[in-house]
Amino acid sequence: MDMKKLAAEIVQRVGGKENIKNVTHCVTRLRFVVKDEKKVDVDGIKKLNGVLDLILSSGQYQVVIGPQVGDAYKAVVALVGEASAVGSVPADAPKEKMTIKGLAKSALDVIVSCFTPAIPIIAGSGMVKVLVVLLNYAGLLDSASTTYTILNTIGDGIFYFLPVVVAINAARKMNVDMFTSVALACIILHPTLLGLGETGTTVPFLIFDMPVMNYSAQALPMIFGVWLLKYVDKFADKVSPSIVKVFLRPMIDLLVVAPVILLVVGPISISISNVLFAACAAMQTWGPIAVAINAFLFPLMVLTGTHNATIPLIIQMFATQGYDPIFLVCGLAANMAEAGAACAVAVKTKNKGLRSTGFTATLSALLGITEPALYGVNLRMKRPFISMLLGATLGGFYCGLIGLQAPAFVTPSLLTIAILVPQGVNYLLGLSCVPVCFAITFVVTYIIGFEDLPAEK
């Protein structure tokens, strides 16, 4: 496929590069934020060869490309320029009317935008941890060795320094100086602060008592901190004389924002994170029912482009308890269900084109990329989509029943099943989730059937 041609057609139909505020991408989608939604040719984009679907969610036009999205993104950036790619928003961009719905939409957009660009490296880091686990399980790597520790650190690095990553993405999203934002993240992660006392205790700072907090793997403090920086920096720019602005402006930013983060924003953010974790912990008491419900909802969230909203919850569970027994597990059940439904369609159909698409989509879903199966087969044929939801629910219940857990952030797939193990670390039982979820959905889809396309001559 000619990605340069596809990128040009997409840019043209979103209103041209002048209509693009910013563009990012995740694992399978180009994500556009535009100035004027009236200029976007939704139907035209959906009809493009190489585009699986177009979804409007969280203030973004999400163009579903599939595994080749990285190449498509590079081609788009070549057309619109790096400024749009990093998410800078022109100062003269029209302001939207503030409503409760609009505020909620904007908040979700900001949170998702702070994580979405980092998904590939988060997934890659998770795969490093998968490799470490497999090498240890095979007896090729001793868990007491320094090599094990170093490789595990390579996989953990992104999570420990997550505030830095979030600061970069938040700065891009909110049009704030990136280096000042990163400096604030470095401040709250500085080991000296943790050395002041036990986590949760307070130490004197100015005329206040500052809580000692561990901000590693925390995202909310930097999201709120960069938001505050946006307004403080405007003040600092206004009051700083030109002759000393080069150092006085960032000096004011740091001396105002950093203490506010350490004294107010950080503790409140961690309290919010603790509430979210408490909600997840309560959900865990439901056992397999929780996984089944979320497995049912997961494809619907992918369909609406809101599935990335669970990333902060997943990371919070890793930071708090060291594993995720719900969201990545339900993702595995849903992904295998997508593969099972697409495979059943491929086996049963008399249409050669649909058969080829079905088998290709099956392989893609088994490897963790479900959009080709979702949009190209299951949703397209309608009844397989319903069968897939049923299969995901039943498969999710089975995964929850055996106590499947994810100790690292990985894309749930056939390649990463080795790291998703049940309580008690029974690898064979864990591996059974793939064929069980796949087979359940395959059988259900095959029995329920679908309205087949005409056979090709």
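Does Phe179 count as within 30 Å of Tyr231 (Cβ to Cβ) and loosely packed, with under 13 Cβ neighbours inside 10 Å?
Numbers: within 30 Å of Tyr231 (Cβ to Cβ): yes; loosely packed, with under 13 Cβ neighbours inside 10 Å: yes.
Yes.
Could you tell me how many of the residues in the range 22-50 are buried (at least 19 other Cβ atoms within 10 Å of the Cβ) and not aliphatic (A, V, I, L, M)?
Total satisfying the criteria: 8.
Looking at Asn214, Asn136, Asn169, Asn175, which is the one that is on the phi > 0 side of the Ramachandran plot and touching a Ser or Thr at 6+ places or on another chain (Cβ under 7 Å)?
Exactly one residue qualifies, and that residue is Asn175.
Consider Val377 carefully, then state whether it is outside the structural domain of Val69 (by TED's automatic domain parsing), buried (at least 21 other Cβ atoms within 10 Å of the Cβ) and of a type in the set (A, V, I, L, M).
Details: outside the structural domain of Val69 (by TED's automatic domain parsing): yes; buried (at least 21 other Cβ atoms within 10 Å of the Cβ): yes; of a type in the set (A, V, I, L, M): yes.
So Val377 fits the description; yes.
Residues are listed down the side, and each one gets a yes or a no for (1) surrounded by fewer than 22 Cβ atoms within 10 Å (Cβ to Cβ); (2) touching a residue at least 40 places away in the same chain (Cβ under 8 Å):
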position	(1), (2)
Ile261	no, yes
Pro267	yes, yes
Met283	yes, yes
Phe298	no, yes
Met301	yes, no
Thr304	yes, yes
Ile326	no, yes
Ala346	yes, no
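Scanning for something closer than 25 Å to Val176 by Cβ, in contact with a Pro (Cβ under 9 Å, 6 or more places away or on another chain) and not aromatic (Phe, Trp, Tyr), does the range 279-288 turn up at least one residue? Working first, answer last.
Keep residues of the range 279-288 that are closer than 25 Å to Val176 by Cβ, which gives none.
Within the range 279-288, not a single residue is closer than 25 Å to Val176 by Cβ, in contact with a Pro (Cβ under 9 Å, 6 or more places away or on another chain) and not aromatic (Phe, Trp, Tyr).
For the range 182-205, check the following and say yes or no: at least one residue is among the β-branched types (Val, Ile, Thr), in contact (Cβ under 8 Å) with a residue 24 or more places away in the chain and surrounded by 15 or more Cβ atoms within 10 Å (Cβ to Cβ).
Taking the range 182-205 and keeping what is among the β-branched types (Val, Ile, Thr), we get 182, 187-188, 192, 199, 201-203.
Still in the list and also in contact (Cβ under 8 Å) with a residue 24 or more places away in the chain: 187-188.
Then keep just the ones that are surrounded by 15 or more Cβ atoms within 10 Å (Cβ to Cβ); that gives 187-188.
Within the range 182-205 (the criterion being among the β-branched types (Val, Ile, Thr), in contact (Cβ under 8 Å) with a residue 24 or more places away in the chain and surrounded by 15 or more Cβ atoms within 10 Å (Cβ to Cβ)), the answer is yes, since at least one residue qualifies.
Within the group Ala290, Ala319, which residue is modelled with pLDDT under 80, farther than 18 Å from Asp109 by Cα, in the same structural domain as Cys399 (by TED's automatic domain parsing) and not β-branched (Val, Ile, Thr)? Reasoning before the result, please.
Details: Ala290 fails: modelled with pLDDT under 80.
Of the residues listed, the single one that is modelled with pLDDT under 80, farther than 18 Å from Asp109 by Cα, in the same structural domain as Cys399 (by TED's automatic domain parsing) and not β-branched (Val, Ile, Thr) is Ala319.
For the range 349-377, how many residues meet the condition of being more than 23 Å from the chain's Cα centre (by Cα) and in a helix (DSSP H, G or I)?
Within the range 349-377, the subset more than 23 Å from the chain's Cα centre (by Cα) is 349-360, 377.
Subsequent filtering for residues that are in a helix (DSSP H, G or I) retains 352-360, 377.
Number satisfying all stated conditions: 10.
So which of Ile121, Ile158 is loosely packed, with under 15 Cβ neighbours inside 10 Å and within 21 Å of the chain's Cα centre (by Cα)? Talk me through it step by step, then tell me what you get.
Working: Ile158 fails: loosely packed, with under 15 Cβ neighbours inside 10 Å.
Just a single option satisfies the conditions, and that option is Ile121.
Taking Leu184 as the residue in question, decide whether it is at negative phi, more than 17 Å from the chain's Cα centre (by Cα) and not assigned by TED's automatic domain parsing to the domain that holds Tyr231. Working first, answer last.
Numbers: at negative phi: yes; more than 17 Å from the chain's Cα centre (by Cα): yes; not assigned by TED's automatic domain parsing to the domain that holds Tyr231: no.
Answer is no for this residue.
Conditions tested, residue by residue: (1) within 22 Å of the chain's Cα centre (by Cα); (2) at positive phi.
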{"residue": "Lys4", "(1), (2)": "no, no"}
{"residue": "Val11", "(1), (2)": "no, no"}
{"residue": "Gly15", "(1), (2)": "no, yes"}
{"residue": "Ile45", "(1), (2)": "no, no"}
{"residue": "Leu54", "(1), (2)": "yes, no"}
{"residue": "Ser57", "(1), (2)": "yes, no"}
{"residue": "Gln60", "(1), (2)": "yes, no"}
{"residue": "Gly66", "(1), (2)": "yes, yes"}
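Which of the residues belonging to the range 262-287 are in a helix (DSSP H, G or I), at pLDDT 85 or above and of a type in the set (Gly, Ala, Ser)?
Scanning the range 262-287 gives Gly266, Ser269, Ser271, Ala278, Ala279, Ala281, Ala282.
Here is a list: Val410, Val436, Val443, Val421. Which entry is in the same structural domain as Val302 (by TED's automatic domain parsing) and closer than 26 Å to Gly305 by Cβ?
On the way: Val436 fails: closer than 26 Å to Gly305 by Cβ; Val443 fails: closer than 26 Å to Gly305 by Cβ; Val421 fails: closer than 26 Å to Gly305 by Cβ.
The unique qualifying residue is Val410.
Please work out which one of (1) surrounded by 12 or more Cβ atoms within 10 Å (Cβ to Cβ); (2) among the hydroxyl-bearing types (Ser, Thr, Tyr); (3) at pLDDT 90 or above is the condition Tyr137 fails and give its number.
Here Tyr137 clears every test but (3).
The values are calculated or read from the model by the stated rules, or taken from the named source; none is laboratory data. Computed from a predicted structure; not experimentally measured. A quick note on method: Cβ atoms are made from the backbone with ideal geometry, for glycine too, and the neighbour counts reach across all protein chains shown.
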